[in-house]
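Where a number appears in this text, it was derived from the coordinates with a stated rule and is not lab data. Here the structure is a predicted model, which means the values were calculated and not measured. Every residue, glycine as well, gets a Cβ built from its backbone with ideal geometry; the counts of neighbours run over all protein chains shown.
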Amino acid sequence: MSLQKITSKAITYTLLTLVTLFFLIPVLWVVFSSVKSPVELYKWPPSLLPKTITFVNFETAFKKGNFGLYFYNSAVVTIVSTIITLVINTMAGYALAKYKFYGRDFILVAFLATLMIPLEIIMIPIFVVIRSLGMINSLWGIIIPPAATPTGVFLIRQYLLGVPDELIEAARIDGASEWRLFWTIIVPLAKPVISVLAIFSFMWRWNDFLWPLIVISDPQKYTIQLAISNFMGEYNVDWPSLLAMSVIAMIPVLIVFLIFQRQLVKGIVTTGLKE
């Protein structure tokens with residue numbers, strides 16, 4: 001191996017290591033701080049590693065709220081919303097990729113253009129619609145609005161552009177209905193990109209804070225993110241409890257990523273930008 005290649009690899013690995021540490025150190029600080037005693041947590045200068053490990057912060061946090069209920073609410077919102085998102089986005093992406101109809105390209109561009117519109121601009125109209133449907137203070141008020149995502153539709157469409165039209169036409173000639181064609185051919189072929197969208201949707205819904213904050217005011221309907229925000233008062237912050245529950249809130253996302261990381265990488269690699 002030449003000196004140039006060795007130098008190039010060394011620089012690449014060094015940069016990748018620095019980027020990894022840049023993202024990893026804050027997470028490690030939260031995890032290690034959650035098992036410090038309150039006295040050690042507020043000690044100056046701060047240290048990354050705890051001198052003694054204690055779980056008193058977790059005990060205190062669980063005593064301050066019904067976190068079993070909050071986890072249940074978050075799980076319901078995340079799972080149901082992810083399922084609805086996968087169905088709607090896959091159908092929309094399939095239609096935009098394989099059906100030819102007037103205005104298809106305009107619909108795609110208009111749909112993708114919504115990516116440039118922040119939630120803060122459209123949340124009032126959405127809130128009015130949700131209120132008129134009687135979904136305020138309901139978990140459905142969190143689940144329904146973000147069900148169709150431009151990112152998801154775009155990912156599915158781009159992936160399905162690589163599916164040969166001849167395969168779909170052959171299925172139609174054999175007598176397959178559009179419904180059967182979708183569920184028995186398109187969905188199995190799109191499993192890699194559907195897995196990617198499922199992981200993204202799970203993380204989006206689990207970590208969502210702003211929209212649930214607007215829709216939910218009943219503490220019995222709080223998600224885990226809203227419950228964690230209760231540790232932040234007007235004049236002080238209960239950092240030990242907040243850090244402890246933040247670590248607990250990380251666990252489901254981490255588990256999902258570890259289980260489906262291969263599908264995530266495969267889906268991203270096989271989702272090309274085709275025209």
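For segment 219-252, the set of residues classified as touching a residue at least 24 places away in the same chain (Cβ under 8 Å) and of a type in the set (S, T, N, Q) consists of Gln220, Thr223, Gln225, Asn230, Ser241, Ser246, listed by residue number. Applying the criterion of being of a type in the set (Ser, Thr, Tyr) and out of contact with any Pro (no Cβ under 8 Å at 6 or more places or on another chain) to the residues of segment 86-143, the residue that is farthest from Tyr159 (Cα to Cα) is Ser132.
Take Asp238 and tell me if it is among the acidic types (Asp, Glu) and in contact with a strand residue (DSSP E or B) (Cβ under 8 Å, 6 or more places away or on another chain).
On the way: among the acidic types (Asp, Glu): yes; in contact with a strand residue (DSSP E or B) (Cβ under 8 Å, 6 or more places away or on another chain): yes.
For Asp238, the condition - among the acidic types (Asp, Glu) and in contact with a strand residue (DSSP E or B) (Cβ under 8 Å, 6 or more places away or on another chain) - is met.
Just one of the numbered conditions (1) surrounded by 10 or more Cβ atoms within 10 Å (Cβ to Cβ); (2) closer than 30 Å to Lys221 by Cβ; (3) without any contact (Cβ under 8 Å) to a residue 40 or more places away in the chain is not true of Val31: (3). Keeping to segment 192-218, report how many residues are in a helix (DSSP H, G or I) and either of a type in the set (Gly, Ala, Ser) or in contact (Cβ under 8 Å) with a residue 60 or more places away in the chain (or both). The qualifying residues number 17.
Can you tell me how many residues within segment 109-166 are of a type in the set (Ser, Thr, Tyr), surrounded by fewer than 18 Cβ atoms within 10 Å (Cβ to Cβ) and touching a residue at least 12 places away in the same chain (Cβ under 8 Å)?
Initially, segment 109-166 is screened for residues of a type in the set (Ser, Thr, Tyr), giving 114, 132, 138, 149, 151, 159.
After this cut, where a residue has to be surrounded by fewer than 18 Cβ atoms within 10 Å (Cβ to Cβ) as well, the list is 114, 132, 138, 151.
In the following step, the residues that additionally are touching a residue at least 12 places away in the same chain (Cβ under 8 Å) were identified as 114, 138, 151.
Result for segment 109-166: 3.
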